[in-house]
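The structure under discussion appears below in the form of structure tokens.
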Amino acid sequence: MSAARAGWSSPTRIRFGGDYNPEQHPERVWVEDVRLMREARVDLVNVGVFAWSWLEPADGEFDFSGMDRVLDLLHAAGIGVGLGTATASPPPWLTHAHPEILPRTADGTVLGPGSRQHYAPSSPVFRRYAARLTGAVAERYARHPAVRLWHVGNEYGCHVPIDCSDAAASAFRVWLEERYTSVDALNEAWGTMFWSHRYRSFDEVQPPARMPHIPNPGHLLDFRRFSSDALLECFLMEKRIIRAAGGEQPVTTNLIGPFPTIDFWRWAPHLDIVSVDCYPDLGHPDGFREAAFHCDLARSLAGDKPWLRMEASPEPAAGRAAIGPRDRGLASALAWQAVGRGADGIQFFQWRQSSAGAERFHPAMVPHAGTDTHTWAEMTRLGAELASFAPPVGSDADGARVAVVLDVENWWALEAPDLPVRVDFSHVVQRWYRALHAAHIAVDLVPSTADLSSYRLVIAPQLFLLSDSAAEGLRRFAEAGGVLFVGAYSDVVDESGRIRDGGHLRGLGETLGVGVAGHFALALRDAAASVPVEGSVAFAGESLVEDVRPMSGTEVVSRFGGGRFVDRPALTRVAVGEGSAWYAATIPDAAGTATLVARMLADARVSAEVPGLPASVEFMRRGELVTLIAHGEQVTVDLRGWETLDGRRLADRELVALDVLHMRRAAVAGGER
């Protein structure tokens, strides 16, 4: 057990609660809130996340009287607090006095106040005021017994992932000089001789604002890196201030999940607890798999640290095209999904529904209609169940033998405007994840430079941008006996966005046993266009095809069955050291992805722990605990060899929709499992 986990997790229960915004409600409601929290078995609430104007109503005039009373009330009731630093939404007095802190879009539009995240993260003025507030909050509450952790900022980059203000321009130049040392090195990386963009000094570099035509892809890529780092600097500044004030509690912020607004792999090492939001599209039949993807990303980011599902909606979230009813019990089932995938805490946004403001229709644990609601009944039932559940001791990611590569810098590179083929990277990655999830296989998500030695199968659905170190790591993995799959449109550019000398697949070509002469969109106007792939593994290819040239010793498993490249290789396999490497020259459709997953798993000798489970039954392992959740119609599953946590043997078991079953391997002679 890590030091962070030992200092955070209760050994006897999963934390439960939500975002609590007492400043939005009359003080007479606070006592009632605490009573209801006790009824729902809530033991952790996030307070003060958007409370800047409450805590500092005027420049330098702090008023902590309300926060004092709230924290004392919560502590007296045995409810812990994740205390916000309140810097996510600057107050009107600050933006009025200092409009220069407002962010600017690439087209020059200044984003005004009245919402949230209306600050330029590189602004020295914003940072000065944010530091002062954080210091005041930390000095006052670092030793308050209610404070269990610190919640810095909120959803960094969610609404303003890039800022092109003057402050950003100055900070970007400093960042570039630290990265490249010399302007000649920058010119080489970006290839600035193209269109006469060669710089004489860093002072000439501007953010990639709106331009007459296509911007330099290296310029765009570095600005995304800088923008993520600028936000991270804000987080780390506040964390340092908390530590200097004596705050020893874990420090976190809520990541918004699998979105490329920040490089979450660079952020994760700095979070004492990894916290994520989870707002899947539950109108989609595979919405529960999207939720699982969020959870597995959080678990993968956390490693041996705790992770917390900090936000989710107890009912369908506002902002969808329409708000439809949710199946009763779904909020609880998805909470248990997170626990089964390693979460140490379950929280919802928010505790009490807001009567005014931009999120007045966002669901909450206590709805506008009060406690005589299905929502409240489900929240109290879930709280009681979590309070009586003892989380298993041990690793939260036991036994994952499959990794899917999800690289943020690669994602950024695929968003460049000059590409020959447009591909939805998130859709492609999640298609592979969903196929593995439906096959009941535990999956880690990893960056391209991760240590892959513990895996048997690594799937890189699309590595358009590939560094030399990542290519070497993938080669070593296959040579050591692993099964490597690499999808089309990979190894196209290096980490600067440049095409390597000699063309494509220069880093992985020898490992994969193929070369690629070009990439071609299937149809410019028809996103649904596909091409048949025929052979021992048959499927339909989507979006693009490649002109693949197999090397000596490479097996052509399947060929294109039509189109411009009919009879050309579509799927190849080659032996690499003790392992093997596969390459697809197109993007498999959903059914084809499932077919390829089955073939790769067989090659890697990876199988489901409970054979024969329907795809609608979700399987997850956490230490010795195995959780099954039924997401479809009633099914009967064979669970011979398993037992409930209180030792009752299982055989055939009927599961109806949203049933949750906790179990473990049945003891054999000698008491071993």
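The values are calculated or read from the model by the stated rules, or taken from the named source; none is laboratory data. These figures come from a predicted structure and were not determined experimentally. Here the Cβ is made from the backbone with ideal geometry for all residues, glycine too, and neighbour counts use every protein chain on show.
Structural remarks
- Members of region 457-488 found to be assigned to a loop (DSSP other than H, G, I, E, B) and more than 23 Å from the chain's Cα centre (by Cα), listed by number: Ala480, Gly481, Gly482, Ala488
- Unique match (being in the same structural domain as Ser543 (by TED's automatic domain parsing) and touching a Lys or Arg at 6+ places or on another chain (Cβ under 6 Å)) among His437, His427: His437
- Residue match in region 590-601 (condition: under 25 Å from the mean Cα position of the chain (by Cα), assigned by TED's automatic domain parsing to the domain that holds Leu484, of a type outside the set (A, V, I, L, M, F, W, C) and buried (at least 16 other Cβ atoms within 10 Å of the Cβ)): yes
- Test: residue in region 506-518 that is within 27 Å of the chain's Cα centre (by Cα) and not in a loop (DSSP other than H, G, I, E, B): no
- Hey, Ile242 surrounded by 22 or more Cβ atoms within 10 Å (Cβ to Cβ) and within 30 Å of Pro145 (Cβ to Cβ) or not: yes
- Inside region 378-399, residues that are of a type in the set (D, E, K, R) and either modelled with pLDDT under 95 or in contact with a strand residue (DSSP E or B) (Cβ under 8 Å, 6 or more places away or on another chain) (or both) make up a count of 2.
- Failed criterion for Met663 (all others in (1) closer than 19 Å to Ala338 by Cβ; (2) of a type in the set (A, V, I, L, M); (3) not in a strand (DSSP E or B) hold): (3)
- Residue count for region 478-492 under the criterion of being more than 18 Å from Gly541 (Cβ to Cβ) and in contact with an Asp or Glu (Cβ under 9 Å, 6 or more places away or on another chain): the result is 6.
- Restricting attention to region 25-52, the residues that are surrounded by 17 or more Cβ atoms within 10 Å (Cβ to Cβ), outside any loop (DSSP other than H, G, I, E, B) and out of contact with any Phe, Trp or Tyr (no Cβ under 8 Å at 6 or more places or on another chain) add up to 4.
- Within region 77-101, being assigned to a loop (DSSP other than H, G, I, E, B), hydrophobic (A, V, I, L, M, F, W, C) and more than 14 Å from Ala130 (Cβ to Cβ) holds for Ala77, Ile79.
- Hits in region 1-26 - residues which are modelled with pLDDT of 95 or more and over 18 Å from Ile346 (Cα atoms): Pro22, Glu23, Gln24, His25, Pro26
- Selected residue (criterion: nearest to the chain's Cα centre (by Cα)) from residues of region 539-571 that are buried (at least 16 other Cβ atoms within 10 Å of the Cβ) and among the small types (Gly, Ala, Ser): Ser543
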